[in-house]
There are 2 protein chains.
Amino acid sequence: MKRDTLRYRLLEAQLELARRQERAVVLLLTGHAATHKGQLVNALNRWLENRHTEVHALAPSSEEQSRPYWWRYWRRVPERGRIGIFIHGWHGDALFARAERRLAAGAFEDRLSQIRQFEAELAAEGVVLLKLWMEIGRHAQRDRLQALAADPATAWQVGPVEWQRHVQHAAIQSLGRRLREATEAPHAPWQRLALREPDAQLPRVAEGLLAAIGEPRPAPPPPAEVAPLAAVPRLHQAAPREVEPLAKPRYRERLAAAQARLAINAREAARRRLPVVIVFEGLDAAGKGGSIHRLTAALDARQYRVHRIAAPSDEEALRPWAWRFWRRLPADGRLAIFDRSWYGRVLVERVEGLASEAAWRRAYGEIRHFEERLLAHGGVLIKLFLAISRDEQLRRFEDRAATPHKRHKLTAEDWRNREHWDDYHQAIDAMFAATHRPGAEWTLVAGDDKRRARLAVLEVVNERLEARLAAAD
Amino acid sequence: MKRDTLRYRLLEAQLELARRQERAVVLLLTGHAATHKGQLVNALNRWLENRHTEVHALAPSSEEQSRPYWWRYWRRVPERGRIGIFIHGWHGDALFARAERRLAAGAFEDRLSQIRQFEAELAAEGVVLLKLWMEIGRHAQRDRLQALAADPATAWQVGPVEWQRHVQHAAIQSLGRRLREATEAPHAPWQRLALREPDAQLPRVAEGLLAAIGEPRPAPPPPAEVAPLAAVPRLHQAAPREVEPLAKPRYRERLAAAQARLAINAREAARRRLPVVIVFEGLDAAGKGGSIHRLTAALDARQYRVHRIAAPSDEEALRPWAWRFWRRLPADGRLAIFDRSWYGRVLVERVEGLASEAAWRRAYGEIRHFEERLLAHGGVLIKLFLAISRDEQLRRFEDRAATPHKRHKLTAEDWRNREHWDDYHQAIDAMFAATHRPGAEWTLVAGDDKRRARLAVLEVVNERLEARLAAAD
């Protein structure tokens, strides 16, 4: 294709991308030092409409360092309609961390697996990925570094890091091979570029980008399934049993004791800078709000935040579905309480048909990955499911309808969800089976007896925090 | 009011606030150490619905430190419908910075003036403010600190900072008086609370909050007017003059030279960690896009970002109007280019009646404050207005309509804006008069001759950067 034609076609394709807002594009460049990466990006940027483009070359901020590693990239996933260009990005992080022995061999392989998962998740949500590996021979690299260093206009481009990467040329070459081999995929292909002047490389990159924007990509394979753990909860286990009612004075006493214990545990978690995530899911009117209130009553308001998850905002709707949960992950030492959560993907979105079957099926794996990232960062994850019987739910709905100050809690949606009781039942048990994982266990709380349910919630949170605090000693 | 009635009314008012999404509430607590601030917030939080509340006790992150001071608070302005509680916040910052001599006396007064402006801007946009000053005598404070330090359960609350604030009790008392006196306003009143147990203070705070949520507040006074500078641009000055056309080879040569100069200037600005903001405003089809492209062609893609300002997202629409510009301010060393900007408030929003007259009139002052914050942080601000004649605009519209690959640039809105030519003319001149300020000067660029206009834009940016870089030496 003629250079001008190519340039014009690429721009047209980008404007169409921006107009349609159906897909985002992520272009990542990594590889050897002194391969003109910066200049190539600049040359490409001169061909693109910069109003729809963003370029990221990262030095992680303190906000990024105090959250799971992948947060820094999730927050930069471009909106649909936009092109995000990453210099080095997650591939460079893995490559250089391993070359400099900051990652052990096993941890490097784990990271490669996370990269595969991240890229598959983006691709499945309409993000088009293209990855460039910038190649240069050892001798040519040395000559080029020397030439750059000798010219006062370019000497600033050559520092100790560049020389170190030159010394490690062989290691980077072989790690790069492993990196590409482990993360090559039809939905996230690598393209290798040998050192040439950026202007000469540009057409190849532009062609790759044009093809990536224009042509449909194969769907990534869904996340691997995992065998359920032995003792997965099942919803029917929450069936109400005949137990003696808990008298109010006794309830208050036990509540106060549990809250006092929680206050100490939460403070200790903050002192040790553990991030804590507590997820509340449950049937409508099962008492999530009341339980959350009993929980937060014991906490320091500076430490926690309650996230009520409803419909996504328009900024959220323009990104992969998990983006809005990533953005709410707490910093180290903070506690985030989710009143409904990412599990909406496999509950309401499944039952109401808001997500396709393929989308909610792959969400089980995506959720496992999301939670694994939090756990790997040292986070504590506590997942609670509040269940009530069908009869008790009806009683509570009727009570809400009859009581003026409770009426706002009851919506048409609640009645509609009730119609789908069996569908929800099925979705909930499937969710338990797929996402009850080590460190991310579900606790099923029988909610017909409100007092006992609230105490049970506090008990679980206390136990989980204490177990974690004891283990961290 | 009975305690339970009060609690219930407050909750009702909060739920109504959340339902209507017409206003946000900001509650700030500051004052002496050992006054139960944390416990009071916790007690209040137990009365509120935490799903609509957020509490902020700040230690600025690296992202915050590398932007103008107020960025950290603007980003935390709650959405309409929500309550944001700030412990110390901007008042505590001013108070303790002055007590510890990190702010000189004059700088403290400047900060007070900024606080007045910030609070007036929030109030004018529907944020209800309430400020609590927590009072304690010097002896009582000492006793209380000693008691807290002696109890292992509370000893963690007392550190060197608290003792230092005890030593500075008299200074804090007198600075607090000045702070309250300087920032007291009907739209942002102070309430003083003497030390009592949080449970005893709670009803007063709840009553204050209830009144603040429920009753209409007086509108804050508009920002002070300023006398226009002597040499304010006027739109008619951009009338086309008969000049010799600039031949293409000569244009290319001059363009390349200006871009090379810009590349050096921008790199030096990055090296010195200066944040740079370049604003492009102009008549439709005046050539903003083309000028931006000639500018970015000279820049390192890692350094800059182009922000195209269109309609606010729903997250933005729930905050004061300036929020969406604050969130786009560049970090130190970065360059942000605005393709249209906050000036839409006094241009399109004024002419199209999207903002009330009171709103666009006060925007002149709000814009001056916004830009002053950037300048005070050491930023460089370059504002360009691209003008074309009415005949030239018509020619360009017709050309766009006739050329397939330019057609997307022409919308019905462009034709409608053209109908309002005189209204825009008036709005533009009023904008120049009110916002052409020292360090924030407008440059009017005559755009009928595209080549000369692009060179003029580059020339202005180069000159302004060079002046700033020379001054910073």
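The values are calculated or read from the model by the stated rules, or taken from the named source; none is laboratory data. Fair warning: this is a prediction, and the values are worked out from it, not measured in the lab. Note: ideal-geometry Cβ built from the backbone for every residue, glycine included; neighbour counts use all protein chains shown. Note: areas computed on protein heavy atoms with side chains; ligands, DNA, RNA excluded. Shrake-Rupley method; radii C 1.70, N 1.55, O 1.52, S 1.80 Å.
Here is a list of conditions, (1) part of a helix (DSSP H, G or I); (2) small (Gly, Ala, Ser); (3) open to solvent by 50 Å² or more (accessible area, probe 1.4 Å), and residue B:266 meets all of them except one; can you say which number that is? With respect to (1) part of a helix (DSSP H, G or I); (2) small (Gly, Ala, Ser); (3) open to solvent by 50 Å² or more (accessible area, probe 1.4 Å), residue B:266 is out only on (3).
Looking at B:261, B:273 in this structure, which one is open to solvent by 70 Å² or more (accessible area, probe 1.4 Å), basic (Lys, Arg) and assigned to a loop (DSSP other than H, G, I, E, B)? The conditions single out B:273. So, in the stretch B:72-88, exactly how many residues are within 27 Å of residue B:32 (Cβ to Cβ) and open to solvent by less than 10 Å² (accessible area, probe 1.4 Å)? Qualifying residue count, the stretch B:72-88: 7.
Within this structure, residue A:69 fails the test of being open to solvent by 10 Å² or more (accessible area, probe 1.4 Å), within 12 Å of chain B (Cβ to nearest Cβ) and aromatic (Phe, Trp, Tyr). Cβ separations smaller than 6 Å between residues 6+ apart or across chains give the following pairs from the stretch B:8-27 residues that are surrounded by 16 or more Cβ atoms within 10 Å (Cβ to Cβ) to residues that are assigned to a strand (DSSP E or B) and not β-branched (Val, Ile, Thr): B:26/B:84; B:26/B:129; B:27/B:130. When residues of the stretch B:165-195 are filtered for being open to solvent by 50 Å² or more (accessible area, probe 1.4 Å) and in contact (Cβ under 8 Å) with a residue 40 or more places away in the chain, how many remain? Residues meeting the conditions: 4.
Picking from residues in the stretch B:384-413 that are surrounded by fewer than 17 Cβ atoms within 10 Å (Cβ to Cβ) and among the acidic types (Asp, Glu), the one that is nearest to residue A:20 (Cα to Cα) is B:413.
Restricted to the stretch A:279-320, and to residues that are hydroxyl-bearing (Ser, Thr, Tyr) and crowded, with 19+ Cβ neighbours inside 10 Å, which residue is farthest from the other protein chains (Cβ to nearest Cβ)? Per the stated criteria, the residue is A:291.
Just a yes or no: is a residue in the stretch A:303-318 outside any loop (DSSP other than H, G, I, E, B) and of a type in the set (A, V, I, L, M, F, W, C)? Yes: one or more hits.
The listed residues are A:22, A:79, and the only one of them that is under 27 Å from residue B:298 (Cα atoms) and either part of a loop (DSSP other than H, G, I, E, B) or away from every other protein chain (no Cβ under 11 Å) (or both) turns out to be A:79.
Pairs meeting the criteria (first residue in the stretch A:134-145 and under 16 Å from residue A:170 (Cβ atoms), second residue part of a strand (DSSP E or B) and open to solvent by 40 Å² or more (accessible area, probe 1.4 Å), beta carbons under 7 Å, at least 6 apart or on different chains) are A:135/A:192; A:135/A:194. Residue A:60 meets the conditions (1) within 13 Å of chain B (Cβ to nearest Cβ); (2) at pLDDT below 95; (3) open to solvent by less than 20 Å² (accessible area, probe 1.4 Å) in every case but one. The failed one is (3).
Assigned to a loop (DSSP other than H, G, I, E, B), under 30 Å from residue A:37 (Cβ atoms) and open to solvent by less than 30 Å² (accessible area, probe 1.4 Å) - does that describe any residue in the stretch A:237-257? No, the stretch A:237-257 contains no residue that is assigned to a loop (DSSP other than H, G, I, E, B), under 30 Å from residue A:37 (Cβ atoms) and open to solvent by less than 30 Å² (accessible area, probe 1.4 Å).
Does residue A:125 satisfy the condition of being within 14 Å of chain B (Cβ to nearest Cβ), open to solvent by 30 Å² or more (accessible area, probe 1.4 Å) and modelled with pLDDT of 95 or more? No: the conditions fail for residue A:125.
Determine whether the stretch A:89-96 contains at least one residue that is free of Cβ contacts under 8 Å to residues at least 60 places away in the same chain, open to solvent by less than 40 Å² (accessible area, probe 1.4 Å) and in contact with a strand residue (DSSP E or B) (Cβ under 9 Å, 6 or more places away or on another chain). No, there is no match, as no residue in the stretch A:89-96 is free of Cβ contacts under 8 Å to residues at least 60 places away in the same chain, open to solvent by less than 40 Å² (accessible area, probe 1.4 Å) and in contact with a strand residue (DSSP E or B) (Cβ under 9 Å, 6 or more places away or on another chain).
Would you mind stating whether residue A:13 is over 25 Å from residue A:123 (Cβ atoms), within 13 Å of another protein chain (Cβ to nearest Cβ) and hydrophobic (A, V, I, L, M, F, W, C)? So residue A:13 does not fit the description; no.
Only one entry in B:95, B:103, B:132 is assigned to a strand (DSSP E or B) and assigned by TED's automatic domain parsing to the domain that holds residue B:77, namely B:132. Being touching a helix residue (DSSP H, G or I) at 6+ places or on another chain (Cβ under 8 Å) and in the same structural domain as residue B:408 (by TED's automatic domain parsing) is a description that does not apply to residue B:270. Return a yes/no flag: does the stretch A:341-350 have any residue that is among the basic types (Lys, Arg), over 16 Å from the mean Cα position of the chain (by Cα), open to solvent by 20 Å² or more (accessible area, probe 1.4 Å) and away from chain B (no Cβ under 14 Å). Checked the stretch A:341-350: at least one residue is among the basic types (Lys, Arg), over 16 Å from the mean Cα position of the chain (by Cα), open to solvent by 20 Å² or more (accessible area, probe 1.4 Å) and away from chain B (no Cβ under 14 Å). Filtering the stretch B:321-336 for residues that are within 14 Å of chain A (Cβ to nearest Cβ), in contact with a helix residue (DSSP H, G or I) (Cβ under 9 Å, 6 or more places away or on another chain), among the aromatic types (Phe, Trp, Tyr) and open to solvent by less than 10 Å² (accessible area, probe 1.4 Å) leaves an empty set.
Report yes if residue A:267 is within 10 Å of chain B (Cβ to nearest Cβ) and either touching a residue at least 60 places away in the same chain (Cβ under 8 Å) or under 30 Å from residue B:152 (Cβ atoms) (or both), otherwise no. Here the answer is yes, as residue A:267 does meet what is asked.
Checking the structure you have, find out if any residue of the stretch B:415-434 is over 28 Å from residue B:114 (Cβ atoms), modelled with pLDDT under 95 and crowded, with 19+ Cβ neighbours inside 10 Å. Yes: one or more hits.
In the stretch B:31-74, what residues are hydrophobic (A, V, I, L, M, F, W, C), free of Cβ contacts under 8 Å to residues at least 40 places away in the same chain and in a loop (DSSP other than H, G, I, E, B)? Those that are hydrophobic (A, V, I, L, M, F, W, C), free of Cβ contacts under 8 Å to residues at least 40 places away in the same chain and in a loop (DSSP other than H, G, I, E, B): B:48, B:57, B:58, B:59.
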